[in-house]
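Working notes, beginning with the structure itself.
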Amino acid sequence: MLVNATEMLQKAKAGKYAVGHFNTNNLEWTKCILQTAQELESPVIIGVSEGAGKYMTGFKTVATMVDTMVDALGITVPVALHLDHGSYEGAIACIKAGFSSVMFDGSHLPFEENLAKTRELVAATHILGLSLEAEVGAIGGEEDGVVGKGECADPAECKLIADLGVDFLAAGIGNIHGKYPANWAGLSFDTLAAINAQVGDLPLVLHGGSGIPEDMIRKAISLGVSKINVNTECQLAFQAATREYIEAGKDLQGKGYDPRKLLAPGCEAIKATVKEKMELFGSVGKAF
Ligand code: 13P
């Protein structure tokens, strides 16, 4: 059974660790993330962008697949299925499709509109027992074709959004989706500390979790980050392992062309990446 992400993230904030949000793209990705979480007894959040949802033929397909797979694999750790960077319409669609958690990303809208739409979605999610993530301050880089510059959130605006009753909050602190450029300035811990002081116990979310140095991850967790989103690193791990398999000519040997064999090294690489992140975030053994 899927659960919302509120309780697991409140526990993480109190216990000073973070729960990993890993984006899924297909059945293999989902299976690898779930199996690793179970093996490590870690709570986990499966993230789905609107683009990935469309790729998988719709949110209903995704919700049915993840929910069924949790049962079929005998997964007992807490699993939340979460819409990543949702539009207002996307959030409503995921609420109807059976997701247990949604993010409404109104960070590109005028602040008053972000506030008003987030308020409506707090009501819509809470009446059904779902959790809601909101966002203040744009996160840089490219996600589903939308390119952002990366802008630090205003702590006062974070407080106004937090006071609506959202369950966790993504706040831009210089983080970027995708690969970090060589001249990246790093995370703004002053901004993070100021936001954390404003929002109290509310769990904070760090997007763009791929490629952030480990010491920065640990410091972010110590300053209130309780959910860390990772996508690109799993993609790169999958790509490198698949490339190696093909370059070694293994797809040409025996039944090496069978997708179950062809995709296996990439899957093992995703599992290793998810494990590494869960260990770094401190969520191992925190499921029960
Ligand atoms: P990365 O692709 O940089 O890991 O970011 C993932 C993310 O923040 C999804 O919302």
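Bear in mind that the values in this text are calculations on the coordinates, not laboratory data. The structure presented is a predicted model; accordingly, all values stated were derived computationally and were not measured. Neighbour counts run over all protein chains shown; Cβ positions are idealised from the backbone, glycine included.
Only bridges with both residues in segment 1-107 count here: give the DSSP antiparallel percent, nearest 5. Could the numbers behind the result be given before it?
Numbers: 0 of 12 bridges.
If we restrict to bridges inside segment 1-107, about 0 percent are antiparallel.
Using the Karplus curve 6.51 cos²θ - 1.76 cosθ + 1.60 with θ = phi - 60°, what ³J(HN,Hα) values do you get for each residue of segment 17-27, in whole Hz, with x for Gly and Pro?
Here the 3J(HN,Hα) series is 9, 10, 9, x, 10, 10, 6, 10, 10, 6, 5 Hz.
List the lysines whose Cα lies under 19 Å from the Cα of Lys250, skipping any in the same chain that are fewer than 8 positions away.
Lys261
So which residue, out of Ile95, Ile246, Ile45, gets the largest mean-square fluctuation from a GNM of the chain using Cα contacts under 10 Å as springs?
Of Ile95, Ile246, Ile45, the Gaussian network model singles out Ile246 as fluctuating most.
Can you give me the Kirkwood hydrodynamic radius for segment 84-125, using every pair of distinct Cα atoms, in Å to one decimal? All intermediate terms of the calculation are to be shown ahead of the outcome.
On the way: mean 1/r = 0.0976 Å⁻¹.
Over segment 84-125, the inverse of the mean reciprocal pair distance is 10.2 Å.
Between Leu73 and Ala193, what FRET efficiency comes out of the Förster formula 1/(1 + (r/R0)^6) with R0 = 30 Å and r the beta carbon distance, rounded to 0.05? Walk me through the numbers before you get to the answer.
Numbers: r = 40 Å, r/R0 = 1.33.
That pair, Ala193 with Leu73, gives E of 0.15.
Using only the Cα atoms of segment 158-288, what semi-axes does the equivalent ellipsoid have when each is the square root of 5 times a gyration tensor eigenvalue? Give whole Å, largest first.
On the way: eigenvalues 270, 51, 28 Å².
Here the semi-axes work out to 37, 16, 12 Å.
Does anyone have the angle between helix 189-199 and the longest principal axis of the chain? Alpha-carbon axes, 0 to 90°, nearest 10?
Computed tilt is about 60 degrees.
How much length is gained if the chain between Ser222 and Lys96 is pulled fully straight, taking 0.36 nm per residue apart and subtracting their Cα-Cα distance, in nm to one decimal? Working shown, then result.
Numbers: separation 126, 0.36 × 126 = 45.36 nm, distance 3.56 nm.
The Ser222-Lys96 span can extend by a further 41.8 nm.
Quick one: Debye curve from the C-alpha atoms of segment 90-218, no solvent, what's log10 I(q)/I(0) at q = 0.09, 0.12, 0.21, 0.22 Å⁻¹?
The Debye formula, applied to the Cα set alone, gives -0.25, -0.45, -1.26, -1.33.
Can you list, bin by bin at 5 Å, the percent of alpha carbon pairs in segment 60-107, starting at 0?
Going from the shortest bin to the longest, the percentages are 5, 23, 28, 20, 13, 8, 3, 1.
log10 I(q)/I(0), Debye, Cα-only the chain, no solvent, q = 0.08, 0.11 Å⁻¹?
-0.31, -0.59
Using modelled backbone amide H atoms (1.01 Å from N, in-plane), which distant-in-sequence or interchain residues come within less than 5 Å of His85's amide H?
Hits under the 5 Å cutoff: Met103.
Show that you can apply the helix-only estimate: for the chain, add -39,500 (n - 2.57) for every DSSP H stretch of four or more residues, divide by all residues, and state [θ] at 222 nm to the nearest 500. Don't skip to the end; give the middle numbers.
Values: 12 runs with 135 residues, N = 288.
So the helix-based figure for the chain works out to -14500 deg cm²/dmol.
Just how far, in whole angstrom, is segment 233-281 from segment 158-203 if you go by their alpha carbon centroids?
33
Estimate the FRET efficiency between Glu214 and Glu39 by the formula 1/(1 + (r/R0)^6), using the beta-carbon distance for r and 22 Å for R0, to the nearest 0.05. Numbers along the way, then the final one.
Working: r = 22 Å, r/R0 = 0.98.
Between Glu214 and Glu39 the formula returns 0.55.
Considering only DSSP beta bridges where both residues belong to the chain, give the percentage that are antiparallel (nearest 5). Numbers along the way, then the final one.
On the way: 3 of 33 bridges.
Counting DSSP beta bridges with both partners in the chain, the antiparallel share is about 10 percent.
Students often get this wrong, so check it: of Lys179/Lys227; Lys255/Lys275; Lys60/Lys159; Lys16/Lys60, which have C-alpha atoms separated by over 27 Å? It would help to have the intermediate numbers written out before the result.
Values: Lys179/Lys227 19 Å; Lys255/Lys275 29 Å; Lys60/Lys159 34 Å; Lys16/Lys60 34 Å.
Violating the 27 Å limit, Cα to Cα: Lys255/Lys275; Lys60/Lys159; Lys16/Lys60.
In the P(r) worked out for segment 198-268, what percent of Cα pairs fall beyond 15 Å?
Numbers: 1578 of 2485 pairs.
Counting pairs separated by more than 15 Å, the tail of P(r) holds 64 percent.
Relative to 2.2 N^0.38 Å, what does the C-alpha radius of gyration of segment 35-158 come to as a ratio? Two decimals please.
Numbers: Rg = 15.4 Å, N = 124, 2.2 N^0.38 = 13.7 Å.
Computed over Cα atoms of segment 35-158, the ratio equals 1.12.
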